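These notes are about the structure you will find just below.
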Amino acid sequence: MISLFRWTARIVGLLLVGLLSLFAVGEGFDPMQFKGVELGMLVALLTALVGMVVLWWREGIGGAISLAGMIAFYGLNFAASGKLPGGPVFPFCFLPGVLALVCAYFDQSKSASTAADQPPGKEAS
């Protein structure tokens, strides 16, 4: 089950990074046009995307970065407009971070229980 979560997090993250990259290229992305809250939202969204890339190697760190970026994005959007972002894509941006943190938690608890099963002085292999 953890393997399914791991690969779902990776694939959904990769699809989101690709989709948002296509939008940026197709719209002629110019980061200099953003000011104030929009710039903060852009940084938050880019932070979430970086987390989605990092979770391929470090699930816990990548998942935390991804979730922090999305929470900041939602918070800034709510502060600016009084409502949460609309559309079907933004809620999916939370999925890779949540699944990666679940995998990291279960991997850590599995390694802790394996280490506890070892006699004193022996390390888990």
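Which one of these does V54 not meet: (1) in contact (Cβ under 8 Å) with a residue 24 or more places away in the chain; (2) under 30 Å from M1 (Cβ atoms); (3) buried (at least 17 other Cβ atoms within 10 Å of the Cβ); (4) not basic (K, R)?
Single failed check for V54: (1).
When you scan region 76-94, how many residues do you find that are of a type outside the set (S, T, Y) and without any contact (Cβ under 8 Å) to a residue 24 or more places away in the chain?
10
Looking at A72, A24, which is the one that is touching a residue at least 24 places away in the same chain (Cβ under 8 Å) and either in contact with a Lys or Arg (Cβ under 8 Å, 6 or more places away or on another chain) or among the aliphatic types (A, V, I, L, M) (or both)?
A72
Of the residues F90, F73, which single one is surrounded by 15 or more Cβ atoms within 10 Å (Cβ to Cβ) and within 16 Å of G18 (Cα to Cα)?
Only one candidate qualifies: F90.
Which helices (runs of 4 or more DSSP H) does region 30-99 wholly contain that include 3 or more residues that are aromatic (F, W, Y)? Before you say what the answer is, go through the steps one by one.
Values: elements: 37-54, 59-81, 89-92.
Once the helices (runs of 4 or more DSSP H) in region 30-99 are filtered for at least 3 residues that are aromatic (F, W, Y), what remains is 59-81.
Given the criteria over 16 Å from the mean Cα position of the chain (by Cα) and modelled with pLDDT of 90 or more, does G26 qualify?
Judged against the criteria, G26 is not a match.
Which residue, of I2, I65, is in contact (Cβ under 8 Å) with a residue 12 or more places away in the chain, under 24 Å from F106 (Cα atoms) and in contact with a Cys (Cβ under 9 Å, 6 or more places away or on another chain)?
Every option except I2 fails the conditions.
Please list, ordered by first then second residue, the pairs with beta carbon atoms under 9 Å, 6 or more apart or interchain, first in region 95-118 and at pLDDT below 80, second assigned to a helix (DSSP H, G or I).
Matching pairs, first to second residue: K110/I2.
May I ask you to verify whether I11 is among the β-branched types (V, I, T), crowded, with 20+ Cβ neighbours inside 10 Å, part of a helix (DSSP H, G or I) and at pLDDT 90 or above?
Answer is no for this residue.
The values are calculated or read from the model by the stated rules, or taken from the named source; none is laboratory data. Model, not experiment: these values are computed from the prediction. Neighbour counts are summed over all protein chains in view; Cβ atoms, including those assigned to glycine, are modelled from backbone coordinates with ideal geometry.
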